[in-house]
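Worksheet: the structure to be examined is printed underneath.
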Amino acid sequence: MQVHLETERLWLCAWEPDDLAAARPVFTDPDVMRYINGGKPRSDDEIRKSIARQQNHLRSLGFCLWKLIQKSDGRLIGDCGLQPLELDGVSEIEIGWRLAKEYWGRGFATDAALVALHHAVEYARLERVIAIAMPENRASLHIMEKLGMAYERASQKDGFDIVVYARHFAGAASKKI
């Protein structure tokens, strides 16, 4: 396991093709997926494609949605990081997170998001990062606020109503992504 970033309790690591079995419980839990795609569990093929997409982002951009490994037991508990997102006809960089439900409410997503955001802004010299969530996802909205993000607008993504939060980084020299 190659660790790229870490917090006190987590390692943020690159995805490997053989992570499917460890990721399956997170990506197939309807409660975890409720605010991501309306609760529809991901198929093994969709999980494999997601892993491959994040591997490609890491190679080409230097950041991705990292897999989250809990240090205390080595368990994959979710993902967190940044990735490109096409929204309202504009290419953006989005920060996002997804955690197994037994880890909700314990600060894991916030800890991981802070270190992933810092890394991506420093590495890619981003001037702007967005986060999206369904308006009823109060926990994610709270994390966005903890990250210093502010409400920007309402929109739609994949047929779902969402809100868009953004954070601007003054003085960062933007790298074309």
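What follows is calculated from the coordinates using simple rules that are stated; it is not laboratory data. Keep in mind that what you see is a predicted model, and the values were worked out from it rather than measured. Cβ: placed from backbone, ideal geometry, glycine included. Neighbour counts: every protein chain shown.
Once you order the gyration tensor axes a ≥ b ≥ c over the Cα atoms, which shape class does segment 61-137 get: rounded for a/c under 1.5, otherwise prolate or oblate by comparing a/b with b/c?
oblate
Please compute P(r) over all alpha-carbon pairs of the chain, binned at 10 Å starting from zero, and give each bin as a whole-number percent.
10, 40, 40, 10, 0
For the chain, what are the DSSP H helices with axial Cα length of 15 Å or more and mean Kyte-Doolittle hydropathy of at least -1.0?
What comes out of the filter, once short or polar helices are dropped, is 108-124.
Over 20 Å between Cα atoms, which of Lys49/Lys71; Lys67/Lys101; Lys71/Lys101; Lys40/Lys157 qualify? Before the final figure, lay out the partial values.
Details: Lys49/Lys71 26 Å; Lys67/Lys101 15 Å; Lys71/Lys101 17 Å; Lys40/Lys157 15 Å.
Listed pairs above 20 Å: Lys49/Lys71.
Between Glu136 and Gln70, what FRET efficiency comes out of the Förster formula 1/(1 + (r/R0)^6) with R0 = 30 Å and r the beta carbon distance, rounded to 0.05?
Details: r = 28 Å, r/R0 = 0.92.
About 0.60, to the nearest 0.05.
Sticking with the crude label model, points 7 Å out along Cα→Cβ, report the distance from Ser60 to Thr28 in nm, one decimal please.
Output for this residue pair reads 2.9 nm.
Report the extension gain between Asp161 and Lys49 in nm, rounded to one decimal, defined as 0.36 nm multiplied by the number of residues separating them, less their alpha carbon distance.
My answer for the length gained is 37.9 nm.
In nm, to one decimal, how far is the modelled label at His118 from the one at Leu20, with both set 7 Å along Cα→Cβ?
3.6 nm
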